[in-house]
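The values are calculated or read from the model by the stated rules, or taken from the named source; none is laboratory data. Just so it is clear, the structure is predicted and the values come from calculations on it, not from any experiment. As a convention, Cβ positions derive from the backbone with ideal geometry for all residues, glycine included, and neighbour counts pool all protein chains shown. All accessible areas refer to the heavy atoms of the entire protein, side chains included, with ligands and DNA or RNA removed. Shrake-Rupley method; radii C 1.70, N 1.55, O 1.52, S 1.80 Å.
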Amino acid sequence: GMVDGGERIRPMSWDSVGGILQRGGTIIGTARCPAFRTRAGRLRAAANLLTHNIDRLVVIGGDGTLTGANLFRQEWPGLLDELVATGEISAELAARHPALYITGLVGSIDNDFVGTDMTIGADTALHRITEAIDAISSTAASHQRTFVVEVMGRNCGYLALMGAIAGGADWVFIPELPPAAGHWQDDMCQALRMGRELGRRDSIVVVAEG
């Protein structure tokens, strides 16, 4: 939106958010933009924001989004100087917006940011994982099978661990406690066998993607 400008930057009212309670935050429609990774893209974004007298942003995202926002903030004075030099904006307009102010909100399902108990999206992701494990457990029991469920979370095992606990899984692999070299395969299989011997008709193993 910042790079494209035009109708992509527009005011919103209460009517703009009517009837979206059941939908995810992706309703906003913003996404990572390859052009914003370049200085030329950030220059275009600065020009478009100034067209609307905007110099304050609330940025919701993860590592890439917040890193990009911080770089944009740091470059802001230089970008304004360049826009003034090329005549795209007036010196008066630049003087009214000498700095870019950023509020960063961590939107990451991984729940991997220090200083917050729960990042935006983590609880929703865990809810979906729990639903999936509950659903697949019925199929596993019906066929007396073992299912391996891989979940997201990047280098943080929060979703895998909490999903395994909530879903009653038999075994879980997380990055923070990788399997020790040696006979972990035997240990896992023994735990799964014990479950079957105790009457379980299904086995669930949860693996964190990291």
List every residue whose amide H lies under 5 Å from the amide H of Gly62, counting only residues 5 or more places away in sequence or on a different chain, with H placed 1.01 Å from N in the peptide plane. Gly107
Equivalent ellipsoid semi-axes - Cα gyration tensor, the range 6-106, angstrom: 26, 16, 12
Contact order relative to length for the chain, counting C-alpha pairs under 8 Å separated by 6 or more residues, stands in percent at 16 percent
Residues with beta-carbon under 12 Å from that of Glu75, excluding Glu75: net charge, scoring Lys, Arg +1 and Asp, Glu -1? +1
With every protein chain present, what is the per residue accessible area of the range 30-189 (1.4 Å probe, Å²)? 59 Å²
Report relative contact order for the range 165-210 in percent, whole number only (criteria: Cα-Cα under 8 Å, sequence separation at least 6). 61 percent
Semi-axes of the equivalent ellipsoid of the range 122-208: what are they in whole Å, largest first, if each equals the square root of 5 times a C-alpha gyration tensor eigenvalue? 21, 18, 8
Can you give me the % of accessible surface on the chain that is carbon or sulfur? Probe 1.4 Å, all protein chains present, nothing else counted. 56 percent
Mind checking which of Gly87, Gly25, Gly68 has the largest fluctuation in a GNM of the chain, springs on alpha carbons under 10 Å? Gly87
Pick from Val172, Val17, Val148: which residue has the top mean-square fluctuation in a GNM of the chain where Cα pairs under 10 Å get a spring? Val17
Would you mind getting me the FRET efficiency between Gln185 and Ala141? Use the beta-carbon distance for r and R0 = 25 Å, nearest 0.05. 0.60
Might you report the magnitude of the Cβ-based charge dipole of the range 6-106 about its Cα centre, with Lys and Arg at +1 and Asp and Glu at -1, to the nearest 20 debye? 300 debye
Label point 7 Å out from Ala132 along Cα-to-Cβ: which residues of the range 148-178 have amide N under 11 Å? 149-153, 160
Under 8 Å for C-alpha pairs, at least 6 residues apart: give me the relative contact order for the range 122-208, rounded to a whole percent. 43 percent
At Arg73 and Arg56, where each label point lies 7 Å from the Cα along Cα→Cβ, what is the point-to-point distance in nanometres? 1.4 nm
Pairwise label distance in nanometres, Asp4 with Met152, each label 7 Å out on the Cα-Cβ vector: 2.1 nm
What's the local net charge at Asp187, with K and R +1, D and E -1, over the other residues with C-beta under 15 Å away? -1
Determine the gain in length on full extension of the stretch Met194-Trp14; use 0.36 nm per residue of separation and subtract their C-alpha separation, reporting nm with one decimal. 59.2 nm
Around Gly157: net Lys/Arg minus Asp/Glu count, Cβ-Cβ under 14 Å: -4
Please check: in the Gaussian network model of the chain (C-alpha springs, under 10 Å), which one of Ile109, Ile27, Ile120 has the largest mean-square fluctuation. Ile27
From the C-alpha coordinates alone, can you work out the Kirkwood hydrodynamic radius of the chain, in Å? 20.7 Å
